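What follows is a set of notes on a single structure, which appears directly below.
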Ligand SMILES: NC(=O)c1ccc[n+]([C@@H]2O[C@H](COP(=O)([O-])OP(=O)(O)OC[C@H]3O[C@@H](n4cnc5c(N)ncnc54)[C@H](O)[C@@H]3O)[C@@H](O)[C@H]2O)c1
């Protein structure tokens, strides 16, 4: 099988690329190496993959590059390229979110409509489409009401998937990932900031009162779901599935666990809650279990231990 992975140098994309190569796929790994965070960290994510004989790394922006050549011979598209993160999606940065999350997705879907041999396009959607008022746990039938401009753009991408599925038969599956964590996590995300602070002996700059809850999903589980969505037969075009780790954890619980795992409590620097940050997320993963045969396997304590171990070896404390 031959995959195009967009956003291949990112946190989840690069983990997916490594897993696909290990499973014997050929991979065209596409990324623009944007400055959403240090591009050197993104290049580092792809070092091993880029020397693999079955992997080709292409530096290209999906908003401008000709897409037909990138799709040539490809069986499955994994579309993970995006500008993620809710906090920076307000005000003047919104245009960058529209470009990366909507324009790029529409261009890719349009090119896929002319790729008749494509077996599946897996779109990385987000729990952020639900917003703050969704029922808990949220099922895919809940009315999406994003709480941030980022969530609005991810929902627009999902709707583009269904529009191209319904009108042009593009075989899309959208996966609503719930807060993903583990090795290579983006440096702006809470657990990465928490572990970096703890390793450096600094206080963790905590947004909000620590009572916010997140249904968190370990990155290897997310990659497993993403690969299952690519190969499971008889999944209807336009399908949408939650990918959630099971159980909404308070941020303060994660802070305590990191302290226990590192042998000393983590001090907290209290910062105001941020616009766009919802109070709680919780996903019902029944559809993923039924349609894709997927269930999460890694619990919070184990997952945090693995992430701490990765930070120790890859991001030495300053
Ligand atoms: N990390 C999470 O908790 C989470 C949760 C829900 C959904 N998602 C989604 O999963 C996907 C991956 O997220 P991540 O956390 O790995 O983010 P990331 O920022 O680490 O990776 C995204 C990659 O996309 C690339 N990119 C951005 N715009 C591009 C363009 N126009 N052309 C080519 N490449 C471009 C970036 O350079 C980056 O390497 C995103 O679509 C995100 O919205 C992530």
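All conditions in (1) within 15 Å of the ligand (Cβ to nearest atom); (2) farther than 24 Å from residue 132 by Cα hold for residue 219, with the sole exception of (2).
Do we find a residue being in contact with a strand residue (DSSP E or B) (Cβ under 7 Å, 6 or more places away or on another chain), outside any loop (DSSP other than H, G, I, E, B) and surrounded by fewer than 20 Cβ atoms within 10 Å (Cβ to Cβ) anywhere in the stretch 218-231? No: zero hits.
Here residue 301 clears all of (1) within 18 Å of the chain's Cα centre (by Cα); (2) under 25 Å from residue 204 (Cβ atoms) except the condition numbered (1). Looking across the stretch 123-141, just one residue is away from the ligand (no atom under 12 Å from the Cβ) and either outside any loop (DSSP other than H, G, I, E, B) or surrounded by 23 or more Cβ atoms within 10 Å (Cβ to Cβ) (or both), and that is 138. When the residues of the stretch 24-44 are filtered to those that are in contact (Cβ under 8 Å) with a residue 40 or more places away in the chain and in contact with a strand residue (DSSP E or B) (Cβ under 9 Å, 6 or more places away or on another chain), the one that is nearest to residue 10 (Cα to Cα) is 31. Scanning the stretch 1-49 for residues that are assigned to a loop (DSSP other than H, G, I, E, B), touching a helix residue (DSSP H, G or I) at 6+ places or on another chain (Cβ under 9 Å) and near the ligand (Cβ under 8 Å from one of its atoms) yields a total of 8. Going through (1) surrounded by fewer than 16 Cβ atoms within 10 Å (Cβ to Cβ); (2) within 21 Å of residue 188 (Cβ to Cβ); (3) in contact with a strand residue (DSSP E or B) (Cβ under 6 Å, 6 or more places away or on another chain) one by one, residue 80 falls short only on (1). Of the set (1) touching a residue at least 60 places away in the same chain (Cβ under 8 Å); (2) over 20 Å from residue 150 (Cα atoms); (3) more than 11 Å from the ligand (Cβ to nearest atom); (4) in contact with a helix residue (DSSP H, G or I) (Cβ under 6 Å, 6 or more places away or on another chain), all apply to residue 109 but (2). For the stretch 253-269, filtering for residues that are surrounded by 15 or more Cβ atoms within 10 Å (Cβ to Cβ) and farther than 19 Å from residue 283 by Cβ leaves 8. Quick check: is even one residue across the stretch 142-164 over 26 Å from residue 275 (Cβ atoms), outside any helix (DSSP H, G or I) and without any contact (Cβ under 8 Å) to a residue 24 or more places away in the chain? The answer is no, given that none of the residues of the stretch 142-164 is over 26 Å from residue 275 (Cβ atoms), outside any helix (DSSP H, G or I) and without any contact (Cβ under 8 Å) to a residue 24 or more places away in the chain. The residue list 69, 84 contains one member that is within 23 Å of residue 106 (Cα to Cα), outside any strand (DSSP E or B) and more than 11 Å from the ligand (Cβ to nearest atom), which is 69.
When the stretch 50-66 is limited to residues that are within 12 Å of the ligand (Cβ to nearest atom) and in a loop (DSSP other than H, G, I, E, B), the one that is surrounded by the most Cβ atoms within 10 Å (Cβ to Cβ) turns out to be 62.
All conditions but one from (1) away from the ligand (no atom under 11 Å from the Cβ); (2) farther than 22 Å from residue 284 by Cβ; (3) in contact with a strand residue (DSSP E or B) (Cβ under 6 Å, 6 or more places away or on another chain); (4) part of a helix (DSSP H, G or I) apply to residue 198; the one that does not is (3).
Output yes when any residue across the stretch 108-116 is modelled with pLDDT of 95 or more and within 28 Å of residue 245 (Cβ to Cβ), and no when none is. Within the stretch 108-116, one or more residues are modelled with pLDDT of 95 or more and within 28 Å of residue 245 (Cβ to Cβ).
The values are calculated or read from the model by the stated rules, or taken from the named source; none is laboratory data. Quick caveat, the model's predicted, so the values are computed rather than measured. Cβ sites come from the backbone with ideal geometry, for glycine too, and all protein chains shown count toward neighbours.
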